[in-house]
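Note sheet for the following structure.
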Amino acid sequence: MDPEVLKQAPLFKGLEDEAASALSAAMGTIRLSKGEILFHEGELEDRLYVVVKGKIKLGRSGSAGRENLLAVLGPGQMFGELSLFDPGPRSTTATAVTNCELRTLEHDELMTWLTGRPEVARGLLGQLAARLRRANDVVADLVFSDVPGRVAKALLDLATRFGERKDDGIHVHHDLTQEELAQLVGASRETVNKALADFAARGWIRLEPRSVTLIDVDRVERRAR
Ligand code: CMP
């Protein structure tokens, strides 16, 4: 059985060690370099992925070359299961934000586990439910929240996965460019930069290239509400 990180993946939740080792043994490993595209939106491909190291962004492109980021995933997170339950092409493009190591599982193999081990099915359903909740929140925020509110929410969300608590605040090494942050918030780069600069001027955050430190988490949380 691999790294602890695999055990955090929803598929492995509830599996005892022996079954977890067997599931892990059924999985392949792939490595991606920063910037490499794993699959494109619309492609037919039938594997599920678990991030072991690095960060993966899931995005869609709209008209006039605009990009929207649906999620940035880190170690222990899983993607690529929608096209199993709702057969069809990939719903997003998956790109490596940093060098990555991923474990892979063929959909056929996953189906065998889902029918044989209810714990695996429960873990996967749990992830789908959590994602639907999050997607509902994102839609509501697009309707009800202003851009600074959405920026504050995005920072807190990144902090839950990539944050490290230190004496001066939560250091969030997100590895995203300002353009990618804007794509995640669903607003223009200019508006998102303005919000970030305003938070920094108020002393709530400190901006660094591809990372941010949340100094006054309370204020950021209040702005996110
Ligand atoms: P699939 O459509 O097979 O390939 C792209 C994957 O991106 C998809 O499965 C999901 O696993 C993942 N995905 C799609 N939409 C979202 C979202 N809103 N949040 C997180 N992950 C998503």
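I need the full set of residues from region 58-87 which are buried (at least 20 other Cβ atoms within 10 Å of the Cβ), assigned to a strand (DSSP E or B) and more than 8 Å from the ligand (Cβ to nearest atom), in order please.
Result: LEU69, VAL72.
Among the residues of region 45-57, which ones are near the ligand (Cβ under 10 Å from one of its atoms) and surrounded by fewer than 20 Cβ atoms within 10 Å (Cβ to Cβ)?
GLU45, ASP46 - these are the residues of region 45-57 that are near the ligand (Cβ under 10 Å from one of its atoms) and surrounded by fewer than 20 Cβ atoms within 10 Å (Cβ to Cβ).
Go through region 114-125 and give me each residue that's closer than 20 Å to LEU82 by Cβ and open to solvent by 40 Å² or more (accessible area, probe 1.4 Å). Show your work before the answer.
Initial filter on region 114-125 (closer than 20 Å to LEU82 by Cβ): 114-115, 120-125.
Within region 114-125, THR115, ARG122, LEU125 qualify.
So which residues in region 1-12 are of a type in the set (A, V, I, L, M) and open to solvent by 70 Å² or more (accessible area, probe 1.4 Å), if there are any at all?
Listed by number, the list holds a single entry, MET1.
Working carefully through the options ARG103, ARG90, find the one that is in contact with a Phe, Trp or Tyr (Cβ under 9 Å, 6 or more places away or on another chain), within 14 Å of the ligand (Cβ to nearest atom), open to solvent by less than 80 Å² (accessible area, probe 1.4 Å) and of a type in the set (Lys, Arg).
Only one candidate qualifies: ARG90.
Can you tell me how many residues within region 36-88 are touching a residue at least 40 places away in the same chain (Cβ under 8 Å) and touching a His at 6+ places or on another chain (Cβ under 6 Å)?
1
Scan region 23-42 residue by residue and report those that are more than 15 Å from THR104 (Cβ to Cβ) and open to solvent by 70 Å² or more (accessible area, probe 1.4 Å).
Correct list: LYS34, ILE37, HIS40.
In region 11-37, which residues are under 24 Å from ASN99 (Cβ atoms) and of a type outside the set (A, V, I, L, M)?
If the condition is that a residue be under 24 Å from ASN99 (Cβ atoms) and of a type outside the set (A, V, I, L, M), then PHE12, SER24, GLY28, THR29, ARG31, SER33, LYS34, GLY35, GLU36 are the ones that fit.
Considering each residue of region 182-203, count those that are surrounded by 23 or more Cβ atoms within 10 Å (Cβ to Cβ) and over 29 Å from GLY62 (Cβ atoms), and give that number.
The qualifying residues number 0.
Residues that are assigned to a helix (DSSP H, G or I), without any contact (Cβ under 8 Å) to a residue 60 or more places away in the chain and crowded, with 17+ Cβ neighbours inside 10 Å: does region 13-22 have at least one?
Looking for residues that are assigned to a helix (DSSP H, G or I), without any contact (Cβ under 8 Å) to a residue 60 or more places away in the chain and crowded, with 17+ Cβ neighbours inside 10 Å, one finds at least one in region 13-22, hence yes.
Give the number of residues within region 131-181 that are farther than 18 Å from THR98 by Cα, open to solvent by less than 60 Å² (accessible area, probe 1.4 Å) and hydrophobic (A, V, I, L, M, F, W, C).
Qualifying residue count for the region: 9.
With respect to ALA96, determine if the residue is open to solvent by 10 Å² or more (accessible area, probe 1.4 Å), more than 12 Å from the ligand (Cβ to nearest atom) and touching a residue at least 24 places away in the same chain (Cβ under 8 Å).
no
The values are calculated or read from the model by the stated rules, or taken from the named source; none is laboratory data. Values in this document were obtained by computation on a predicted structure and should not be read as measured data. Positions of Cβ are backbone-derived with ideal geometry, glycine not excepted, and every protein chain shown enters the neighbour counts. These accessible areas exclude ligands, DNA and RNA; they are computed on the full protein's heavy atoms, side chains included. Shrake-Rupley method; radii C 1.70, N 1.55, O 1.52, S 1.80 Å.
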